[in-house]
1. Collect the residues in the stretch 23-49 that are free of Cβ contacts under 8 Å to residues at least 60 places away in the same chain, under 23 Å from G232 (Cα atoms) and surrounded by fewer than 17 Cβ atoms within 10 Å (Cβ to Cβ), keeping them in residue-number order.
2. List pairs: first residue in the stretch 109-133 and closer than 19 Å to W68 by Cα, second residue aromatic (F, W, Y) anywhere in the structure, Cβ distance under 9 angstrom, at least six positions apart or on different chains.
3. Of all residues in the stretch 50-59 being touching a residue at least 12 places away in the same chain (Cβ under 8 Å) and outside any loop (DSSP other than H, G, I, E, B), which is surrounded by the fewest Cβ atoms within 10 Å (Cβ to Cβ)?
4. Is there a residue in the stretch 111-132 that is surrounded by fewer than 22 Cβ atoms within 10 Å (Cβ to Cβ), within 29 Å of R44 (Cα to Cα) and acidic (D, E)?
5. List, please: which pairs have Cβ atoms under 6 Å, are six or more places apart or on different chains, and start with a residue in the stretch 249-274 that is more than 16 Å from L238 (Cβ to Cβ) and end with one that is assigned to a helix (DSSP H, G or I)?
6. Quick test of your reading of the structure: A81 fulfils all but one of (1) part of a helix (DSSP H, G or I); (2) touching an Asp or Glu at 6+ places or on another chain (Cβ under 8 Å). Name the failing condition by number.
7. Looking at the stretch 195-236, which of its residues are farther than 16 Å from G5 by Cα, hydroxyl-bearing (S, T, Y) and surrounded by 13 or more Cβ atoms within 10 Å (Cβ to Cβ)?
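The values are calculated or read from the model by the stated rules, or taken from the named source; none is laboratory data. All values reported here derive from a predicted model rather than from experimental measurement. As a convention, Cβ positions derive from the backbone with ideal geometry for all residues, glycine included, and neighbour counts pool all protein chains shown.
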Amino acid sequence: MLSVGISTCGKQPEFTLFQAYAKAGVTAAELSPDSEDYEGLDYRAAKKAADAAGVLLWSFHLQFMPFWQLDPSSLDPEIRACTAARQAAQIRSAAEIGIKKYVLHASAEPIPDAERPERMKRACESVAALADVAASCGGTLCVENLPRTCLGRNSEEIRLLTDAAPGARVCFDTNHLLSQPFADFIADVGERIATVHVSDYDFTDEKHWLPGEGKLDWRALYKALIATGYSGVWMYELGFSPKRSMPRPRNLTPADFARNAYEIFTEHYPLTRI
């Protein structure tokens, strides 16, 4: 079975949070601050808190908002330069505390069809530059598949983006595929998947629900992922609080995530609902 992780999803990376992870058997985390918290993030304090709780800081989500200011595919060279500088600095800071996976959104949105080829070209240039920064830090840039009009919305675009740099790999977000079955995506890029974002959805738009609350076939998805040789962290990316689109009687806890993962790994179906 894979190690289980939970993205911080804007929560403060403090000892009490990581202690709750560890108590539930969740052994890894992705640092993913809110957009307004990146600048003041104390990387060393987060590392100290995670180490004290016995939790591995597996990955770091590079800043991608506000969209008007940060976009690796922007046709405005000043915006691309600002984005590259900020994300490169974040990679270096994350690398200093031992994080080796850096998750990138290759574009903002919306992207008109007429702009798509040029935006893809610019995004590939950005991926190549950031992948070099990641490699120089001993880590890996992981390009995330994205929904709607974003770049990277299917395996063809993800291959183009990761072909831009020999060391670039994929962050497979399970709830972002809106125009391609996950089986086809995994079959096409599975050998490039270096980390995952786990959550469920309704096939209409991203939802970031707990697996079992949406329409994904988790038994088939997990088996397909393992068949690629993936041995990284099973990283959940959803908040603890109920979403408007998925009411729950209470907040999720780290124990809920640990149980959900165990049920997927051991093929216990149906998955327990909250």
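1. K48
2. Sorted first by the residue in the stretch 109-133, then by its partner, the pairs are E109/F67.
3. A52
4. Checking the stretch 111-132: at least one residue is surrounded by fewer than 22 Cβ atoms within 10 Å (Cβ to Cβ), within 29 Å of R44 (Cα to Cα) and acidic (D, E).
5. Close Cβ pairs (under 6 Å, with a partner that is assigned to a helix (DSSP H, G or I)) amount to E267/R219.
6. (2)
7. Scanning the stretch 195-236 gives Y201, T228.
Residue-by-condition table, conditions (1) at negative phi; (2) in a strand (DSSP E or B); (3) at pLDDT below 95; (4) surrounded by fewer than 19 Cβ atoms within 10 Å (Cβ to Cβ):
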site: V4; (1), (2), (3), (4): yes, yes, no, no
site: G10; (1), (2), (3), (4): no, no, no, yes
site: P13; (1), (2), (3), (4): yes, no, no, no
site: F18; (1), (2), (3), (4): yes, no, no, no
site: Y21; (1), (2), (3), (4): yes, no, no, no
